[in-house]
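Participant: One structure, pasted below without further comment.
Read the figures in this text as sums done on the coordinates, not as results from a lab. It should be emphasised that the depicted structure is a prediction, and the values quoted were computed from it without experimental measurement. When we count neighbours, we look across all protein chains shown, and the Cβ atoms used for this are built from the backbone with ideal geometry, even at glycine.
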Amino acid sequence: MLQDQITQYTAEVNAFDTHNADELEQFRIKFLGTKGIIKDIFDQFKAVSPEEKRVLGKVLNEFKQLTEAKYQALNETVESEQGLAGHVQLDLTLPGEGFEVGARHPLALVRREIIEIFNKLGFSVAEGPEIEDDWHNFSALNFPEEHPARDMQDTFFIKKGGEKGDIALRTHTSSVQVRMMEAGQPPFRALMPGRVYRNEAISARAHCFFHQVEGLYVDEKVSFADLKQTLFYFVQELYGEGTKVRFRPSYFPFTEPSAEMDISCTICKGEGCQMCKYSGWVEILGCGMVDPNVLENCGIDSKKYSGFAFGMGIERIANLKFEIKDLRLFSENDVRFLKQYKSALI
Ligand code: PHE
């Protein structure tokens with residue numbers, strides 16, 4: 001009878017005692033193993049008549065619980081008596097397993113350094129969406145209707161026409177300026193880093209996406225002198241004291257006057273090399289005084305407030321810092337390339 005067997009096994013379990021790991025393991029295999037007694041009794045139980053099942057089911061479960069509890073209690077004693085070393089042969093003199101720490105992406109390193117420098121001047125960080133409407137990317141920024149940048153050749157359009165006009169991947173981070181100015185009133189002093197997209201054939205020198213950092217400072221009486229001094233300070237911090245800057249007149253629809261800023265070549269220090277095409281100067285950013293039209297488009301009184309803006313490509317700055325000439329390397333995720341910048345002190 002199954003019931004008698006269980007009574008007998010119960011007595012056996014109750015009487016069992018050991019301080020020895022091997023004996024305890026034998027006990028576990030005998031009673032709780034996959035081919036053990038409990039499994040066997042449960043199999044037999046399936047064939048028992050329904051009336052018997054009611055009584056026997058309870059007895060069986062109790063027996064199972066008793067056996068498990070017994071095993072656990074003895075196991076704890078054995079383990080604590082033997083200590084971990086009883087089970088695992090530890091050789092504390094073995095060298096540890098190597099742990100590879102990931103590296104920061106060179107673009108992330110450069111972005112972080114740019115942000116840190118401007119933080120010291122009180123610039124905070126703001127972000128905006130990569131999918132933009134026509135207003136934020138073009139119209140509010142004073143781009144005339146027929147401006148070539150709106151062309152299919154330059155911009156990745158997602159949707160043509162619609163409630164909010166064309167929807168496109170932003171072509172520059174200047175769109176974030178608009179969002180920031182629309183959302184509040186001056187003073188604004190922020191950096192806006194982000195990814196931008198342009199419809200370019202991919203080569204060593206051009207890519208369909210890259211990264212920019214935009215800067216915006218709007219307050220009462222902000223002048224071009226403030227712009228120059230801010231960017232001059234930035235360049236000294238980033239490339240070291242003595243780096244020269246020069247401003248060349250330029251044109252952007254959203255700034256007036258506009259300029260492009262060059263720095264003395266960081267590689268040859270102005271002597272002339274491949275990087276600066278033997279001119280001694282390299283261009284690093286576009287900038288200018290925020291056009292009053294743009295301020296008004298964003299609901300800001302252009303008689304009371306003025307400001308400056310600038311925008312630079314992070315890849316360009318990284319190129320000058322690390323001499324990474326092929327833009328494609330930044331997005332190929334080749335670990336051999338990326339891990340070189342692990343300890344880059346910038
Ligand atoms: N948005 C410009 C570009 O993508 C850069 C810029 C930003 C110029 C702000 C002037 C002021 O080239």
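Participant: For the residue pair Met1 and Ala201, what label-to-label distance in nm results when each label sits 7 Å from Cα along the Cα-to-beta-carbon direction?
Facilitator: Using points 7 Å along Cα→Cβ, the separation is 9.4 nm.
Participant: Taking 21 Å as the cut-off for C-alpha to C-alpha distance, list the pairs among Lys277/Lys325; Lys30/Lys64; Lys35/Lys64; Lys244/Lys339; Lys221/Lys244 that go past it.
Facilitator: Checking Cα-Cα distances, Lys244/Lys339; Lys221/Lys244 exceed 21 Å.
Participant: Still on this structure: Once the principal axes of the Cα atoms of the chain are found, what is the range along each, listed largest first in whole angstroms?
Facilitator: In descending order, the Cα extents are 102, 57, 40 Å.
Participant: Indicate the gyration tensor shape class of the stretch 17-110 (rounded, prolate or oblate), computed on the Cα atoms with a ≥ b ≥ c the square roots of the eigenvalues: a/c under 1.5 is rounded; otherwise a/b larger than b/c is prolate and the rest oblate.
Facilitator: oblate
Participant: Using packing as a proxy for protection, rank 157-167, 93-103 so that the peptide with the highest average count of other Cβ atoms within 10 Å comes first.
Facilitator: Descending packing order for the listed peptides: 157-167, 93-103.
Participant: Give or take rounding to whole Å, what are the principal axis extents of the alpha carbon atoms in the stretch 45-168, in descending order?
Facilitator: 90, 57, 30
Participant: Right, here's the next one. In whole Å and largest first, what semi-axes does the C-alpha gyration tensor of the stretch 165-314 yield when each eigenvalue is scaled by 5 and square-rooted?
Facilitator: After scaling each eigenvalue by five and taking roots: 28, 21, 12 Å.
Participant: Could you give the dipole magnitude of the chain about its Cα centre, charging the beta-carbon of Lys and Arg +1 and that of Asp and Glu -1, in debye to the nearest 20? Kindly include the intermediate steps, with their values, before the conclusion.
Facilitator: Working: 40 positive and 52 negative charges, 177 e Å.
So the dipole magnitude of the chain works out to roughly 860 debye.
Participant: Counting only Cα atoms, I'd like the Rg/Rh figure for the stretch 185-259, Kirkwood definition for Rh.
Facilitator: Dividing the radius of gyration by the Kirkwood radius yields 1.02.
Participant: Using a basic spin-label model with each label point 7 Å from the Cα along Cα→Cβ, how many nm lie between Phe99 and Arg112?
Facilitator: Taking the simple label geometry, Phe99 and Arg112 are separated by 1.8 nm.
Participant: Find the cysteines in the chain that fail to meet the 4.7 Å Cβ criterion with every other cysteine, and list them.
Facilitator: That list is Cys208, Cys287, Cys298.
Participant: Still on this structure, I have one more. Run the dipole for the stretch 2-88 about the Cα centre, Lys and Arg Cβ at +1, Asp and Glu Cβ at -1, nothing else charged, and hand back the magnitude in debye, nearest 20. Show your work: numbers first, answer last.
Facilitator: Numbers: 10 positive and 15 negative charges, 95 e Å.
My answer is approximately 460 debye.
Participant: Using just the helices of the chain, give the 222 nm mean residue ellipticity in deg cm²/dmol: DSSP H runs with n ≥ 4 each add -39,500 (n - 2.57), and the total is spread over all residues, rounded to 500. Please report the intermediate quantities before stating the final value.
Facilitator: Working: 11 runs with 125 residues, N = 346.
Value at 222 nm, helices only: -11000 deg cm²/dmol.
Participant: Listed highest first by mean packing, meaning other Cβ atoms within 10 Å per residue, what order do 178-187, 226-235 come in?
Facilitator: 226-235, 178-187
Participant: Can I ask one more? Select from the stretch 235-303 those GluC sites (Glu not before Pro) which occupy a DSSP coil region and have at most 16 other Cβ atoms within 10 Å, ordered by residue number.
Facilitator: Glu241, Glu271
Participant: Determine one quarter of the surface area of the Cα convex hull of the stretch 236-346, which equals its mean projected area, and express it in nm² to one decimal.
Facilitator: On the way: hull surface 37.6 nm².
The Cα convex hull of the stretch 236-346, projected and averaged over all directions, gives 9.4 nm².
Participant: Give me the net charge of Ala11's neighbourhood, meaning all other residues with Cβ under 14 Å from the Cβ of Ala11; Lys, Arg count +1, Asp, Glu -1.
Facilitator: Details: positive: Lys70; negative: Asp4, Glu12, Asp17, Glu62.
Within the 14 Å Cβ shell, the charges total -3.
Participant: Got a sec? Charge dipole of the stretch 2-88, +1 on Cβ for Lys and Arg, -1 for Asp and Glu; which of Gln8, Gly36, Ser49 is way out at the positive end?
Facilitator: Sorting the options by dipole projection puts first Ser49.
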